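The values are calculated or read from the model by the stated rules, or taken from the named source; none is laboratory data. Bear in mind that the values here come from a model prediction, so they are computed numbers and not experimental data. Methodologically, a virtual Cβ is constructed for each residue, glycine included, from the backbone with ideal geometry; neighbour enumeration extends over all protein chains shown. Side chains included, ligands, DNA and RNA excluded: accessible areas come from the protein's heavy atoms. Shrake-Rupley method; radii C 1.70, N 1.55, O 1.52, S 1.80 Å.
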Amino acid sequence: MSISVALIGCGEQARTNILPSLLATSGACLRVVCDPNEEQARATAACLPGVRVRKDYRALFDDSERIDAVIIVASPQIHYEAATLALEHGVHVFTEKPPTVTTAELESLAELARSKGLVTAVGHNLRYATACDVLFQLIKDRAPEKLRGFDVRYVVSGPRGDRWALNSPLRSFLLSHGVHVLDLVLHFLGQPGSISASAVPAGDGGILVSVRLGFASGALSNIVAANCGALFQLDIWSMFESGLHVHLDSLSELRCYGESSRGARWSECWRPKTLEAGYSRPGYLGEVREFFEAIRVGRATSPSFEEEVATYRVLDAIESQIESSTC
Ligand SMILES: NC(=O)c1ccc[n+]([C@@H]2O[C@H](COP(=O)([O-])OP(=O)(O)OC[C@H]3O[C@@H](n4cnc5c(N)ncnc54)[C@H](O)[C@@H]3O)[C@@H](O)[C@H]2O)c1
């Protein structure tokens, strides 16, 4: 079965990461690209014979288009509006993060998808990154309840300040980057029982957020996330009851200390294949393929809009703690 797809939003992320992943996904057939910036839409479709161009996504849901699924890569406001329309018309939806501005909007989308029996997905590529998958399997093999510590340092160089006309640099940061980090932590550890958060302004309109999460298993997670760095750096450090500790350095090296067959002073190292294809390593290919596989076999995908609601609730708790501590 070939799944007819429309791409809504033809900006940087759509053209650089999502479109190549979509074209490398068998069973998905791109029919239409859509952007009010017609020049951008035409440039996107230029090398894709037979792909139509539209300025207004609302025209996609005519019976004549017969679209089965949309991939929306624009802004949280457009994600929400276009996803609502698509779901109302019985169309499966993948949105880039963040899927909405508010939790209430996301809850309404999750409810609509549930009532229509449609597949939804949010573009949290990091959990599909090859290195994170290796770490996830390692944790699963050693039993997640034996994990004691899971610390994440996530530093990016921007964007800084207000975004998407939210009138809140903090919400802008949390929706741009906080959701990515929380998706990873909740994917590995489940829902936290306790949340403590604070933030300081940093570097030219930037922000540094520090969060401590406690889990029913006894594990603790410390997160430092900032948008005032020189480049994107992701560091994950996890520690098990047995003393094993594992360090993941920017998706490019995973090192285990304390479990080497050579003795206590040795560590073992995993690295991605030298020639690993560009879109599988950062997880874009994995997230797009997972969406179409879920449609094909008729199951939920991860994270669905429903799963993302739980992430948004943690995000809201973090935001309100930071706001009340700075009042
Ligand atoms: N997962 C990741 O690694 C990652 C990386 C970058 C961006 N993103 C996300 O991708 C999304 C897009 O980011 P970007 O950097 O490509 O932004 P961008 O500004 O380059 O692209 C957004 C596009 O949406 C289009 N658009 C605006 N209104 C529209 C409408 N009504 N219908 C259709 N298209 C419309 C714009 O014309 C533009 O081409 C954001 O939500 C961002 O958070 C994710």
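Among 19, 60, 7, which is more than 30 Å from residue 320 (Cβ to Cβ) and open to solvent by 10 Å² or more (accessible area, probe 1.4 Å)? Give the derivation first.
Numbers: 60 fails: open to solvent by 10 Å² or more (accessible area, probe 1.4 Å); 7 fails: open to solvent by 10 Å² or more (accessible area, probe 1.4 Å).
Being more than 30 Å from residue 320 (Cβ to Cβ) and open to solvent by 10 Å² or more (accessible area, probe 1.4 Å) holds for just one of 19, 60, 7, which is 19.
For residue 119, which of the numbered conditions (1) within 19 Å of residue 226 (Cα to Cα); (2) in contact with a helix residue (DSSP H, G or I) (Cβ under 7 Å, 6 or more places away or on another chain) fails to hold?
Every condition holds for residue 119 apart from (1).
For residue 234, state whether it is outside any strand (DSSP E or B), within 25 Å of residue 174 (Cα to Cα) and touching a residue at least 60 places away in the same chain (Cβ under 8 Å).
Values: outside any strand (DSSP E or B): no; within 25 Å of residue 174 (Cα to Cα): yes; touching a residue at least 60 places away in the same chain (Cβ under 8 Å): yes.
In short, no.
Mind checking whether some residue in the range 194-202 is touching a helix residue (DSSP H, G or I) at 6+ places or on another chain (Cβ under 7 Å), buried (at least 21 other Cβ atoms within 10 Å of the Cβ), outside any helix (DSSP H, G or I) and among the hydroxyl-bearing types (Ser, Thr, Tyr)?
no
Just checking, does the range 33-50 include any residue being more than 15 Å from the ligand (Cβ to nearest atom) and crowded, with 20+ Cβ neighbours inside 10 Å?
no
Out of the range 103-120, which residues are within 15 Å of the ligand (Cβ to nearest atom) and open to solvent by 40 Å² or more (accessible area, probe 1.4 Å)?
105
Given the conditions (1) surrounded by fewer than 19 Cβ atoms within 10 Å (Cβ to Cβ); (2) touching a residue at least 12 places away in the same chain (Cβ under 8 Å), report the number of the one that residue 213 does not fulfil.
Checking residue 213 against (1) surrounded by fewer than 19 Cβ atoms within 10 Å (Cβ to Cβ); (2) touching a residue at least 12 places away in the same chain (Cβ under 8 Å), the one that fails is (1).
Within the range 78-185, which helices (runs of 4 or more DSSP H) (wholly inside it) include 3 or more residues that are in contact with a Phe, Trp or Tyr (Cβ under 6 Å, 6 or more places away or on another chain)?
Because the criterion is at least 3 residues that are in contact with a Phe, Trp or Tyr (Cβ under 6 Å, 6 or more places away or on another chain), the helices (runs of 4 or more DSSP H) in the range 78-185 that meet it are 103-116.
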